[in-house]
1. Considering only the stretch A:113-123, state which residues are surrounded by 19 or more Cβ atoms within 10 Å (Cβ to Cβ) and either touching a helix residue (DSSP H, G or I) at 6+ places or on another chain (Cβ under 7 Å) or not assigned by TED's automatic domain parsing to the domain that holds A:Glu198 (or both).
2. Of the numbered conditions (1) more than 20 Å from A:Ile313 (Cα to Cα); (2) among the hydroxyl-bearing types (Ser, Thr, Tyr); (3) away from ligand 2 (no atom under 16 Å from the Cβ), B:Tyr11 fails exactly one; give the number of that condition.
3. Identify the residue in the stretch B:1-42 that is of a type in the set (A, V, I, L, M, F, W, C) and free of Cβ contacts under 8 Å to residues at least 24 places away in the same chain and, among all such residues, is farthest from ligand 1 (Cβ to nearest atom).
4. Report yes if some residue within the stretch A:78-95 is in a strand (DSSP E or B) and open to solvent by 80 Å² or more (accessible area, probe 1.4 Å); otherwise report no.
5. Report, by residue number, each residue of the stretch A:389-410 that is open to solvent by 80 Å² or more (accessible area, probe 1.4 Å) and within 11 Å of chain B (Cβ to nearest Cβ).
6. Determine whether A:Gln146 is touching a Ser or Thr at 6+ places or on another chain (Cβ under 7 Å), more than 19 Å from A:Val265 (Cβ to Cβ) and free of Cβ contacts under 8 Å to residues at least 40 places away in the same chain.
7. From the list A:Ile337, A:Ile377, pick out the single residue that is over 30 Å from B:Asn71 (Cβ atoms), in contact (Cβ under 8 Å) with a residue 60 or more places away in the chain and away from chain B (no Cβ under 14 Å).
8. State which residue is modelled with the lowest pLDDT when the search covers only the stretch B:122-147 and only residues that are among the small types (Gly, Ala, Ser) and in a loop (DSSP other than H, G, I, E, B).
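The values are calculated or read from the model by the stated rules, or taken from the named source; none is laboratory data. Please read all numbers here as calculations on a predicted model, not as lab measurements. As a convention, Cβ positions derive from the backbone with ideal geometry for all residues, glycine included, and neighbour counts pool all protein chains shown. Protein only, heavy atoms only, side chains kept; ligands, DNA and RNA dropped before computing areas. Shrake-Rupley method; radii C 1.70, N 1.55, O 1.52, S 1.80 Å.
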Amino acid sequence: MFSRDTWREIFDTLNKNKLRTFLSGFTVALGILIFVGLVGMTNGLQNTFEYYFSRDATNILYLQPGRTSRPYKGYKSQRRIEFENEDLKDIKENFSIFIDYVSPMIRRGALVKYREESNNYTTIGADWGQQFAENTIMMKGRFINQEDVKNKTRNAVIGRLVEQDLFGNMNAMGKYIDVGGSVFKVVGVFQDEGGDREERQIFIPYTTRQLIEKNTDKIDLIVVGFRPEIGYTGAMALQRNLNKYLKDKKFISPEDQKGIFIRNVAEELERNQAFARVLAIIAAFVAFGTIIAGIIGISNIMVYVVKERTKEIGIRKAIGATPRNVISNILLESIFITTLSGFSGMIAGIALLSSLGDKLMDDYFILNPGIDTGLAISATIVLILFGSIAGYVPAKRAAQIKPIVALNEE
Amino acid sequence: MIEIKNLHKSYKMGSNALHVLKGIDFSVKEGELVAIMGSSGSGKSTLLNILGMLDVADEGEYNLDGMPIKNLNETKAANYRNKFLGFIFQSFNLINYKTALENVALPLYYQGMNRKKRQEKALKYLEQVGLKEWSHHLPSELSGGQKQRVAIARAMVTEPKVLLADELTGALDSKTSYEVMDLIQQINDKGNTILVVTHENDIAHMCKRIVYLRDGVIVKDEKVKQVRAKEYVQ
Ligand SMILES: Nc1ncnc2c1ncn2[C@@H]1O[C@H](COP(=O)(O)OP(=O)(O)O)[C@@H](O)[C@H]1O
Ligand SMILES: [Mg+2]
């Protein structure tokens, strides 16, 4: 059955019936290509979600002051709420069992200079807790520490790309840079998986920032890092209690939605993951449908091919082809085409996906689309298997019709 | 070589059946060249197809070279066809995407002969029918007479016991028909047994014996003086 002569006969037949070979091969290749593409794109979408959330820790609440929208306890509406250093301490004390750290943030844009090089960067007045919140990785030196905050030092921790921009190939460690008119010493360089934007930031002690701004004690934003053990429901409870506590403290009506904003990263992640899961299920359905469509396509082609070849089969039988000869020839042809084109389609799909990389990131939120090779191969094998079964049924029928009936076919 | 007794065949057409062969008794000895004559619809092809194991009889006995042909499964029938019989059809029945050589070599493929031997042998038989130079042409590039000669070479290539030809000149003009019959006579001269189905008198008289079929029975079976086709050629 698998002699060289058999294969030669099969190649010959395929080669001399190019259109037919092309059509059935194309159906299979396209089916696999679409399958691989769809699964890959879905994975790319999930990668994007992960990318956005992996750059920062997810056990975090962001507290942001707003403006009241209703009067309360003698205070008028439209009052601006502000956080102060004292709030950090109070939150830490009142919620200590839930909380790992409470970290302030004061964001300012600044022109930063080193010798002839200068550029605009975001500076973040922060404390040591920020390193966990942002998932920053130190490449050189250290992050802002307790001493810096306490002594209001002029130490700065710069992003990898800040170093690259301003220092070129030089080492920035220990050098002095001008940040918006004040001189800071570079004590650390960090990298961040969050991407270019995050690597173009500069951290300075928040107390130093406050000192520069007329020794104020105001804070833009409070980052609360809660203990991961409290879980999703614990985080939601913490969010509610913090909201209540701060509204009480700042004399904001409990009904006021605008006084304080709390962003819960875990909740957002959960929502997005749920969205990604739904998307993955839909895509799985469509991908499955593609395989089914491919199977139906190849079945139809096989039925057609066998029908078209009935007379030829009759001739072959008249001159001595056994039913087994007939079936094995048709079957091997179909297995050969589906295998070859199936794997071509698979490889084309994988190549296409890997060539995309982050090209679809900005417009379609698809990052590094790809497919598990095992899954791609399984899908291809399933298609080959069913393609063969699809070929077997009409082949068997053709092999059983009386040669004279097949010969009379036109 | 061929012996049949009381052969019956009918075609079922919905509720009623068309009784085509109504008890045929006849035998052919080795080396004979027999014409089966009869008007269209008299059952000639039906008889030939049964002799060729392309179809089966409803009733009766059939012995080929002493071998009873009965209840053969498709695989056995295919092997017997391949080994013992060669077919020549009115419509040539060549495989259109295969060259003349490949068509002639195909029966040998089903015998399991290796490719090189197949092609050598096929070429030898193509040479015998005068088409050596055309071996790499597709059927579509050949004339009707050439196609039929390729078909004859294909039927001969397995060196069968019996050649069965159904209206082999039916699609050819009379000049080409005589050329093909000349070839058949030459093959018969070498001792091959040949059965030719025809409704044409002149073709029938180029055989050595004529069996007349009418309404499913043999009405006349006579030896004739063979007309040599060669006289009409050139
Ligand atoms: N497969 C078939 N089904 C039904 N009737 C058939 C079939 N083949 C032949 N016949 C009928 O059987 C009769 C004999 O046919 P056939 O043997 O082909 O005659 P001939 O070859 O002498 O012209 C005709 O009436 C024909 O219509
Ligand atoms: Mg006929």
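1. Correct list: A:Tyr114, A:Tyr121.
2. (3) is the only condition that B:Tyr11 fails.
3. B:Ala17
4. Initial filter on the stretch A:78-95 (in a strand (DSSP E or B)): A:80, A:83-84.
When the remaining residues are screened for being open to solvent by 80 Å² or more (accessible area, probe 1.4 Å), the result is A:80.
Checked the stretch A:78-95: at least one residue is in a strand (DSSP E or B) and open to solvent by 80 Å² or more (accessible area, probe 1.4 Å).
5. A:Gln400, A:Asn408, A:Glu410
6. No.
7. Being over 30 Å from B:Asn71 (Cβ atoms), in contact (Cβ under 8 Å) with a residue 60 or more places away in the chain and away from chain B (no Cβ under 14 Å) holds for just one of A:Ile337, A:Ile377, which is A:Ile337.
8. B:Gly130
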